[in-house]
1. For the stretch 182-201, which positions are exposed (fewer than 15 other Cβ atoms within 10 Å of the Cβ), within 24 Å of R166 (Cβ to Cβ) and at pLDDT 95 or above?
2. Which pairs turn up if I take residues in the stretch 61-87 that are touching a residue at least 24 places away in the same chain (Cβ under 8 Å) and look for partners that are buried (at least 22 other Cβ atoms within 10 Å of the Cβ) and among the basic types (K, R) with beta carbon separation below 8 Å, at least 6 apart in sequence or on another chain?
3. Under 7 Å by Cβ, and 6 or more places apart or on different chains, what pairs join a residue from the stretch 172-192 that is within 13 Å of A136 (Cβ to Cβ) with one that is in a loop (DSSP other than H, G, I, E, B)?
4. When only residues in the stretch 68-77 that are open to solvent by 10 Å² or more (accessible area, probe 1.4 Å) and under 24 Å from G36 (Cβ atoms) count, which is farthest from the ligand (Cβ to nearest atom)?
5. Give the residues of the stretch 113-132 that are assigned to a helix (DSSP H, G or I), in contact (Cβ under 8 Å) with a residue 12 or more places away in the chain and not basic (K, R), sorted by residue number.
6. Of a type in the set (A, V, I, L, M, F, W, C), open to solvent by 70 Å² or more (accessible area, probe 1.4 Å) and more than 10 Å from the ligand (Cβ to nearest atom) - does that describe any residue in the stretch 156-166?
7. Give the residue that is most open to solvent (accessible area, probe 1.4 Å), with candidates limited to residues of the stretch 15-63 that are touching a strand residue (DSSP E or B) at 6+ places or on another chain (Cβ under 8 Å) and more than 15 Å from the ligand (Cβ to nearest atom).
8. Anything in the stretch 133-149 that is more than 6 Å from the ligand (Cβ to nearest atom) and without any contact (Cβ under 8 Å) to a residue 60 or more places away in the chain? List them, or say none.
Amino acid sequence: MNIIRENSGEAIFCPTDVCNAQEVQNSLEMTLQELGQIDILINNAGITRDGFLTRMELKDWQKVMEVNLTGVFNCTRAVAEKMMEREEGCIINASSVVGVYGNIGQTNYSATKAGVIGLTRSWAKELGRKGIRVNAVAPGFIATKMTEKVPEKVLDRMKGNTPLGRLGKPEDVAWAYLYLASDHASFVNGAILQVDGGLVL
Ligand SMILES: NC(=O)c1ccc[n+]([C@@H]2O[C@H](COP(=O)([O-])OP(=O)(O)OC[C@H]3O[C@@H](n4cnc5c(N)ncnc54)[C@H](O)[C@@H]3O)[C@@H](O)[C@H]2O)c1
């Protein structure tokens, strides 16, 4: 937030549990009050609760569904209404390569990230008619807190399967978000942009 302000931007911080529709609505109202309008929504919140299928507990299945799918639904439903009034806006969803290819130990997570692709394509059609572009980014393995939990040997295997031979950096994904949010992508709608160094799982 400080970096945005130091660069003459305006920034506010509204801690929000995306699973809680009322909290999402409160944050939306606070944002509209402080900043006037919402041009871009990035549905970036996401969690993992990895485990093999036969050992996966129902609570871990449900929690991942709640954050990674219901959270995206809550935020988009709230913001889309405001964007539709202005007939413009841009929504970007965080999917994943595992939503495209699947992955061992990620039954719940890969189902949600495949679901995000379904939401993205449905909304691209439904909201596109109202001037709102909806796209997704499907990152490969990116060095963040999320992948700190992944065993070293799995990460080494992922690097080995990546033609570029490394994990992604948060900036690699941020540039993709920036492109999709910009006017340079004004005819890009319903796209699933893989940012994965060429990884094939
Ligand atoms: N790191 C990767 O390799 C990778 C790969 C593909 C996709 N992704 C996706 O990218 C997005 C960002 O992941 P990341 O790697 O930065 O993970 P991260 O764990 O570093 O960050 C996830 C963020 O989501 C927030 N969050 C979790 N539950 C929330 C909730 N209920 N309400 C609001 N916020 C909540 C956390 O506070 C955290 O800031 C996620 O959707 C993730 O699934 C990550």
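1. Selection gives G198 alone.
2. If the second residue must be buried (at least 22 other Cβ atoms within 10 Å of the Cβ) and among the basic types (K, R), the pairs left are N68/K113.
3. Here the result reads L180/V188; I192/S95, each pair linking the stretch 172-192 to a residue that is in a loop (DSSP other than H, G, I, E, B).
4. R77
5. Those that are assigned to a helix (DSSP H, G or I), in contact (Cβ under 8 Å) with a residue 12 or more places away in the chain and not basic (K, R): A114, G115, V116, I117, L119, T120, W123, A124, L127, G128.
6. So far as the stretch 156-166 goes, yes, one or more of its residues are of a type in the set (A, V, I, L, M, F, W, C), open to solvent by 70 Å² or more (accessible area, probe 1.4 Å) and more than 10 Å from the ligand (Cβ to nearest atom).
7. E57
8. Passing the criteria: R133, V134, N135, A136, V137, A138, G140, A143, E148.
The values are calculated or read from the model by the stated rules, or taken from the named source; none is laboratory data. Computed from a predicted structure; not experimentally measured. Here Cβ is always computed from backbone atoms with ideal geometry, including for glycine, and neighbour counts include all displayed protein chains. Side chains included, ligands, DNA and RNA excluded: accessible areas come from the protein's heavy atoms. Shrake-Rupley method; radii C 1.70, N 1.55, O 1.52, S 1.80 Å.
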